[in-house]
Amino acid sequence: MNVMKSLVFGLQSAVLGLLLVAAVSAQTPAPQPNAASLGNVEAGKKLFVSDGCYQCHGYEAQGSNATGPRLGPRPIAFAAFSRYVRQPTGQMPPYTTKVVSDADLTNIYAFVSSRPAPAANILLLK
């Protein structure tokens, strides 16, 4: 009789464990793809040049103290990037959806995200 009670208790515990795992899994949102993975890097590169982004941020989004900040290779989150491009607080002009569509902005972000990290500066003294 004790063996039977142990088996029933074990089965109940297993079922409760599975239900708990299922409940937690159902509440965990699925990971959302980011804009960099959704955009087209090559299209973004062309837009980065044709829309004039390179003029302040350089052809590789490396930026400059004199003209504009570095954007790549690890840009700010897409939501913040988009918000700033649409309503900048500095000297940058706003790029509304009439100027740069959301799809184009996603491609630009993909390009900026794809930039390689700059090489370490090495000073050689003789």
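Near residue 40, within a Cβ-to-Cβ distance under 13 Å, what is the net charge of the other residues, with Lys and Arg +1 and Asp and Glu -1? Residues near residue 40 contribute 0 overall. Checking every one of the trypsin sites (Lys or Arg not before Pro) in segment 48-122 against DSSP loop status and a limit of 13 other Cβ atoms within 10 Å picks out 98. Quick one: Debye curve from the alpha-carbon atoms of segment 35-114 only, equal weights, vacuum; give me log10 I(q)/I(0) at q = 0.13, 0.17 Å⁻¹ to two decimals. So the normalised log intensities are -0.32, -0.57. Neighbour counts of C-beta atoms inside 10 Å place 59, 54 in the sequence 59, 54, starting with the fewest.
Every read-out reported here was derived from the displayed coordinates using simple, explicitly stated rules and does not represent laboratory data. Just so it is clear, the structure is predicted and the values come from calculations on it, not from any experiment. Please note: Cβ atoms are built from the backbone with ideal geometry, for glycine as well, and neighbour counts cover all protein chains shown.
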